[in-house]
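Undergrad: Would you mind keeping the following structure in view while I ask a few things?
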Amino acid sequence: MYASGAVRVAVPATSANLGPGFDALGLALSLEDEVSAKIGGSGVHVTVTGEGAGEVPAGPEHLIVRTMLRTFAALGLPAPEGLELTCHNRIPHARGLGSSSAAIVAGILLARELAGCTEADLDALRLAAEIEGHPDNVAPCLLGGFTIAWTGPDGARAVRLQPSADVRLTVFIPATPGLTAHAREALPKQVPHRDAAFNAARSALLVHALTADPALLLEATEDRLHQSYRAPGLPETAALLHDLREKRVPACVSGAGPSVLAFAPPEGIDPPPGWCARSLSCSVTGARILSPRHAGGDPVAAGPSS
């Protein structure tokens, strides 16, 4: 029923919202977790190295395991009696860089591979968005590049665009984590119509700026829907964002924070005490299968994307 031997995947970090594109726009980053899974034995055994080691669950409550079991169920398969999971994590947890989305995508792809199924048997994007609750991070994790995601009557959908080769990225990561749930609680239930119109224009401009004219990124990353409302709960993030933009560096909160994404190289930008700066690039491939069945690390098809 299940494939023998281990299956291995690589899943990238992501940055969502990108300023004005709240819950819609996302970017895959060149920072990956690698996860392998094998059916056998009895019970669930999880080994984690790198980010989250000693902190995340090492048994059935691990997010990747829970996602794998849900995926098996979606494929009409029973849960295996034994499962071994090995995670080498590079994506910081609870920093607004899509670590939970990467875990969900990894779980879906591992389960699909172990079941011997293809993208035609399971729409990975829609299932991942159901588990995560919104598609803005899972879409770039699956598809790579710059994505626009939305939810229709049949679930999540997304389109992938190619970022300009001139886009440069620096992620500023604090030592202290943040909580997405708390960040969402800070958002108002209603916003002024003028602010919604402002963000609609900036989101459209951001698509053009990221794909064709990065010189427009400072204006294109302006936001009035979420960052100011979250600022009181993330004072250090808000201060860094203000400082960067005052220096005319295009920057935004990465996802729900607390990390900050700057569309600029790190030269001449000193992170605050307790923060680190990482120079990254856009991941053009997204999630990849690294197992022997897919020699060479083939990019993953995520099902219908538009």
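The values are calculated or read from the model by the stated rules, or taken from the named source; none is laboratory data. Computed from a prediction, not measured in an experiment: that's the story for all the values here. Note that we place each Cβ from the backbone using ideal geometry, even for glycine, and neighbour counts take in every protein chain shown.
Undergrad: Over 21 Å from Arg112 (Cα atoms), touching a helix residue (DSSP H, G or I) at 6+ places or on another chain (Cβ under 9 Å) and crowded, with 18+ Cβ neighbours inside 10 Å: does that describe Pro57? If you could, list the steps in order and put the result at the bottom.
TA: Numbers: over 21 Å from Arg112 (Cα atoms): yes; touching a helix residue (DSSP H, G or I) at 6+ places or on another chain (Cβ under 9 Å): yes; crowded, with 18+ Cβ neighbours inside 10 Å: no.
No; evaluated as a whole, the condition is false for this residue.
Undergrad: Among (1) at positive phi; (2) within 18 Å of the chain's Cα centre (by Cα), there is one condition Gly76 misses while meeting the rest; what is its number?
TA: Result: Gly76 passes all but (2).
Undergrad: Let me ask another. Go through the stretch 217-246 and count every residue that is farther than 16 Å from Ala175 by Cα and in contact (Cβ under 8 Å) with a residue 12 or more places away in the chain.
TA: Matching residues across the stretch 217-246 total 17.
Undergrad: Leu143 is checked against (1) assigned by TED's automatic domain parsing to the domain that holds Val56; (2) modelled with pLDDT under 95 and fails just one. What number does that condition carry?
TA: (2)
Undergrad: OK, next. Yes or no: the stretch 4-27 includes at least one residue that is of a type outside the set (A, V, I, L, M, F, W, C), more than 14 Å from the chain's Cα centre (by Cα), modelled with pLDDT under 95 and not in a strand (DSSP E or B). Write out each step before concluding.
TA: Within the stretch 4-27, the first condition is being of a type outside the set (A, V, I, L, M, F, W, C), and the residues that meet it are 4-5, 8, 12, 14-15, 17, 19-21, 23, 26.
From what is left, the residues that are more than 14 Å from the chain's Cα centre (by Cα) are 4-5, 8, 19-21.
Retained after the next criterion (residues that are modelled with pLDDT under 95): 4-5.
Within this subset, residues satisfying the condition of being not in a strand (DSSP E or B) are 4-5.
Yes: the stretch 4-27 contains one or more residues that are of a type outside the set (A, V, I, L, M, F, W, C), more than 14 Å from the chain's Cα centre (by Cα), modelled with pLDDT under 95 and not in a strand (DSSP E or B).
Undergrad: May I pose another question? Give me the pairs: first residue in the stretch 139-150 and closer than 7 Å to Gly286 by Cα, second residue buried (at least 24 other Cβ atoms within 10 Å of the Cβ) and among the aromatic types (Phe, Trp, Tyr), beta-carbon distance under 9 Å, and six or more apart or on different chains, which are they?
TA: From residues that are closer than 7 Å to Gly286 by Cα, the pairs are Pro140/Phe146.
Undergrad: Mind listing whichever residues of the stretch 198-235 are in contact with a Pro (Cβ under 8 Å, 6 or more places away or on another chain) and among the polar types (S, T, N, Q)?
TA: Selection gives Asn199, Ser203, Thr211, Thr221.
Undergrad: Only one of these is under 24 Å from His134 (Cα atoms) and over 23 Å from the mean Cα position of the chain (by Cα): Ala196, Ala251, Ala239. Name it.
TA: Ala196
Undergrad: Further question: Answer with yes or no whether Ile91 is hydrophobic (A, V, I, L, M, F, W, C), touching a residue at least 40 places away in the same chain (Cβ under 8 Å) and part of a loop (DSSP other than H, G, I, E, B).
TA: Considered against the rule, which asks whether it is hydrophobic (A, V, I, L, M, F, W, C), touching a residue at least 40 places away in the same chain (Cβ under 8 Å) and part of a loop (DSSP other than H, G, I, E, B), Ile91 comes out as yes.
Undergrad: Could I ask something else about it? Looking at this structure, is Ala102 within 18 Å of Ile131 (Cα to Cα), modelled with pLDDT of 95 or more, touching a Phe, Trp or Tyr at 6+ places or on another chain (Cβ under 9 Å) and surrounded by 23 or more Cβ atoms within 10 Å (Cβ to Cβ)? Write out each step before concluding.
TA: Working: within 18 Å of Ile131 (Cα to Cα): yes; modelled with pLDDT of 95 or more: yes; touching a Phe, Trp or Tyr at 6+ places or on another chain (Cβ under 9 Å): no; surrounded by 23 or more Cβ atoms within 10 Å (Cβ to Cβ): yes.
The answer is no for Ala102.
Undergrad: From (1) buried (at least 22 other Cβ atoms within 10 Å of the Cβ); (2) touching a residue at least 60 places away in the same chain (Cβ under 8 Å); (3) of a type outside the set (S, T, N, Q), pick out the condition that doesn't hold for Ala3.
TA: (1)
Undergrad: Out of curiosity, is Val46 in contact with a Leu (Cβ under 7 Å, 6 or more places away or on another chain), assigned to a strand (DSSP E or B) and assigned by TED's automatic domain parsing to the domain that holds Ala94? Spell out the reasoning first.
TA: Working: in contact with a Leu (Cβ under 7 Å, 6 or more places away or on another chain): yes; assigned to a strand (DSSP E or B): yes; assigned by TED's automatic domain parsing to the domain that holds Ala94: yes.
Here the answer is yes, as Val46 does meet what is asked.
Undergrad: Show the residue pairs that are 6+ apart or on different chains and have beta-carbon atoms under 8 Å apart, the first residue being within the stretch 57-75 and assigned by TED's automatic domain parsing to the domain that holds Gly98, the second being part of a helix (DSSP H, G or I) and among the hydroxyl-bearing types (Ser, Thr, Tyr).
TA: Hits for this filter: Leu63/Ser100.
Undergrad: Another question, then. Could you check, for the stretch 152-161, whether at least one of its residues is under 22 Å from Val65 (Cβ atoms) and either in contact with a Ser or Thr (Cβ under 9 Å, 6 or more places away or on another chain) or surrounded by fewer than 20 Cβ atoms within 10 Å (Cβ to Cβ) (or both)?
TA: Scanning the stretch 152-161 turns up no residue that is under 22 Å from Val65 (Cβ atoms) and either in contact with a Ser or Thr (Cβ under 9 Å, 6 or more places away or on another chain) or surrounded by fewer than 20 Cβ atoms within 10 Å (Cβ to Cβ) (or both).
Undergrad: Please determine whether any residue of the stretch 208-216 is part of a helix (DSSP H, G or I), in contact (Cβ under 8 Å) with a residue 12 or more places away in the chain, crowded, with 16+ Cβ neighbours inside 10 Å and not small (Gly, Ala, Ser).
TA: Yes, the stretch 208-216 contains a residue that is part of a helix (DSSP H, G or I), in contact (Cβ under 8 Å) with a residue 12 or more places away in the chain, crowded, with 16+ Cβ neighbours inside 10 Å and not small (Gly, Ala, Ser).
Undergrad: Okay, next question. Answer yes or no: is there a residue in the stretch 96-107 that is part of a strand (DSSP E or B) and among the aliphatic types (A, V, I, L, M). Before the answer, list the steps.
TA: So in the stretch 96-107, the residues part of a strand (DSSP E or B) come out as none.
No: the stretch 96-107 contains no residue that is part of a strand (DSSP E or B) and among the aliphatic types (A, V, I, L, M).
Undergrad: What do you reckon, is Ala183 in contact (Cβ under 8 Å) with a residue 40 or more places away in the chain, surrounded by fewer than 23 Cβ atoms within 10 Å (Cβ to Cβ), more than 17 Å from Asp23 (Cβ to Cβ) and among the aliphatic types (A, V, I, L, M)?
TA: For Ala183, the condition - in contact (Cβ under 8 Å) with a residue 40 or more places away in the chain, surrounded by fewer than 23 Cβ atoms within 10 Å (Cβ to Cβ), more than 17 Å from Asp23 (Cβ to Cβ) and among the aliphatic types (A, V, I, L, M) - is not met.
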